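**Student:** This is the structure, below, for whatever I ask next.
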Amino acid sequence: MKDPFLLPVPMKTTSAPHIPLAERMRPETLDDYVGQEHLVGEGRFLRQILAGGRLPSLLFWGPPGSGKTSMASLLARATDSNFVFFSAVLSGVKEIRDIVDRARLLRNTEQRSTILFVDEIHRFNKGQQDAFLPHVESGLLTLIGATTENPSFAINPPLLSRCQVLVLHALSPAHIKTVLQRAMESARGLGAQGLAISAEALDFLANAADGDCRRGLNFLENAALLTLERKGQGGGALAIDLHAAREAVQERTLRYDADGEEHYNLISALHKSLRDSDPDAAVYWLGRMLSAGEDPLYIARRMIRFASEDVGNADPQALQIALNCREAYHLLGSPEGELALYQAAVYLATAPKSNAVYALTYKVQADIRRTGSLPVPMHIRNAPTRLMKDLGYGQGYQYAHDNQDALVSQEHLPPELAGTIYYEPTRRGYEALVGERLRKWRQILRERTRHDKKST
């Protein structure tokens, strides 16, 4: 018997290829557009520029499924422009030249402008982005770029300066419910299928979409197919229920890009929650990163850094806890090792805080840059040979253990920096004891110096 997976699949040439529900449900007018009220609401930016009849080059910055492509196509339609979809993943400079030639022909023969929509424009390298510049500057092309990455980092400054950046937000569950309900009722959507949807299923799908309208519509389409399949098997139910919705979603995934802005936003939220001694927020952001698939060892490394940067000697044990956390996860793996990450996060959040060590590094490096390679004072140089001793290396050095309290009054910094204090302990945690100890030692040495001067 032949393997059914290896048999040739008959091709249907009489029917059009299936168009996904998300594509069929793209809005046809600005009034149909759901969400981004701060841009498309009455009197807002996009409506104003359309009323003015001139569309500038734009950059849409927002998460997946926030409506960037739909908004671009609506703008093109509203301005009766030639709309060219361009994928930064699949196309390059040659395709840009072809588009420019076509745009020039349309302008000269039909007086039509061209809107070039570049999806995932952040994936273009500098040379590819620069290829747009002269044609955007001349007005031949109106550029609309879409990106999920922060344009400040992802787009070349010359191109960025010629575009208006518009921020799109992730859609709320209420927005997505509106879109899903329209899809259920519309002839372009599922209206011809004779399906209904329960309130529980609708709520579940809207929340599972996690702000991504495209994802929500894909979930709905899958749930509809499962429901119709049950009907074909004699199930009889023509309503998408919660069971079908759960089956369609399978496993919910969170918006996250390990190399994108959301990655840095989340680690920033974790770090600042730890610094502000908020264990509840710290474990939430930690959980968010783990749930989204962040490398746990990356999180552990950041907490090790935090232990020195923000806790320091206010609780020297914090660094050991952070190191142990990394070792525990490395030994146990996921999910057992994640408990060590949570434990460390709670410890660091509730530890006394000090950035004294972190702050002194800037002072030290500033002085090094200012003074250069100052020579080591002769009395604290190493003197392993007779020649070095004859040259004065180590001469006059006072051995601390030979002195009372193991304290000596001698300068260890170069003369140009003598008396400089870099480490200024806080009055928090263990560091308060360190600060008191240093003050006591300095007082002893001052009194000893005054006594020696009187004796001479």
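Every read-out reported here was derived from the displayed coordinates using simple, explicitly stated rules and does not represent laboratory data. Not measured: the values here are computed from a predicted model. Because the Cβ atoms are built from the backbone with ideal geometry, glycine has one as well, and the counts that use them run over all protein chains shown.
**Student:** Taking only C-alpha pairs under 8 Å that are 6+ residues apart, what is the relative contact order of the chain in percent? Before the final figure, lay out the partial values.
**Tutor:** Working: 590 pairs, mean separation 47.5, N = 456.
Computed over the chain, the figure is 10 percent.
**Student:** Taking only C-alpha pairs under 8 Å that are 6+ residues apart, what is the relative contact order of segment 173-249 in percent?
**Tutor:** That works out to 35 percent.
**Student:** A follow-up question, please. What is the fewest-to-most order of ILE421, ILE240 by other Cβ atoms lying within 10 Å of their Cβ?
**Tutor:** Least crowded to most crowded, the residues run ILE421, ILE240.
**Student:** Still on this structure, I have one more. Extension gain THR449-ARG123, at 0.36 nm per residue separation less the Cα-Cα distance, in nm?
**Tutor:** Value of the extension gain: 110.7 nm.
**Student:** Roughly what angle does helix 173-185 make with the longest principal axis of the chain, taking Cα atoms, 0 to 90 degrees, to the nearest 10?
**Tutor:** Roughly 20 degrees between the two axes.
**Student:** Please determine, in degrees from 0 to 90 and to the nearest 10, the orientation of helix 279-291 with respect to the longest principal axis defined by the Cα atoms of the chain, where the helix direction is its Cα long axis.
**Tutor:** Compared with the principal axis, the helix lies near 50 degrees.
**Student:** How large is the Rg to Rh ratio of segment 354-456 when both quantities use alpha carbon positions and Rh follows Kirkwood?
**Tutor:** On the Cα set of segment 354-456, Rg over Rh gives 1.02.
**Student:** Cα-based count: Lys pairs in the chain below 23 Å, eight or more positions apart or different chains?
**Tutor:** 9
**Student:** May I pose another question? Order by neighbour count: TYR264, TYR329, fewest other Cβ atoms within 10 Å first, most last.
**Tutor:** Details: TYR264 13, TYR329 21.
The order, fewest Cβ neighbours first, is TYR264, TYR329.
**Student:** Here's another thing I want to ask about it. At a threshold of 8 angstrom on Cα-Cα distance, excluding pairs fewer than six apart, so keeping six or more, what relative contact order does segment 332-416 reach in percent?
**Tutor:** Reported as a whole number, the value is 21 percent.
**Student:** Which chymotrypsin sites (Phe, Trp or Tyr not before Pro) does segment 373-456 hold that lie in a coil by DSSP with at most 11 other beta carbons within 10 Å?
**Tutor:** For chymotrypsin sites (Phe, Trp or Tyr not before Pro) across segment 373-456 that sit outside H, G, I, E and B with at most 11 neighbouring Cβ atoms in 10 Å, the list reads TYR399.
**Student:** Going by alpha carbons, how many degrees (0 to 90, nearest 10) lie between the helix axis of 338-350 and the longest principal axis of the chain?
**Tutor:** So the helix axis and the longest Cα principal axis differ by about 60 degrees.
**Student:** For the pair ASP101 and TYR298, how long in nm is the line joining their label points, each one 7 Å along Cα→Cβ?
**Tutor:** Distance between label points: 4.3 nm.
**Student:** In nm, what is the difference between 0.36 nm times the number of residues separating SER373 and TYR342 and their Cα-Cα distance? Please report the intermediate quantities before stating the final value.
**Tutor:** Working: separation 31, 0.36 × 31 = 11.16 nm, distance 4.43 nm.
That works out to 6.7 nm of additional length.
**Student:** Can you compute the equivalent ellipsoid semi-axes for the chain, i.e. the square root of 5 times each eigenvalue of the Cα gyration tensor, sorted largest first and rounded to whole Å?
**Tutor:** Here the semi-axes work out to 64, 32, 21 Å.
**Student:** Sticking with this structure for a sec: So which trypsin sites (Lys or Arg not before Pro) in segment 348-443 end up in coil per DSSP with only 13 or fewer other C-beta atoms within 10 Å?
**Tutor:** Within segment 348-443, the qualifying trypsin sites (Lys or Arg not before Pro) (loop, at most 13 other Cβ atoms within 10 Å) are ARG427.
**Student:** FRET efficiency for HIS401 and ASP276, Cβ-Cβ distance as r, R0 = 35 Å, nearest 0.05?
**Tutor:** Efficiency computed from Cβ-Cβ geometry: 0.20.
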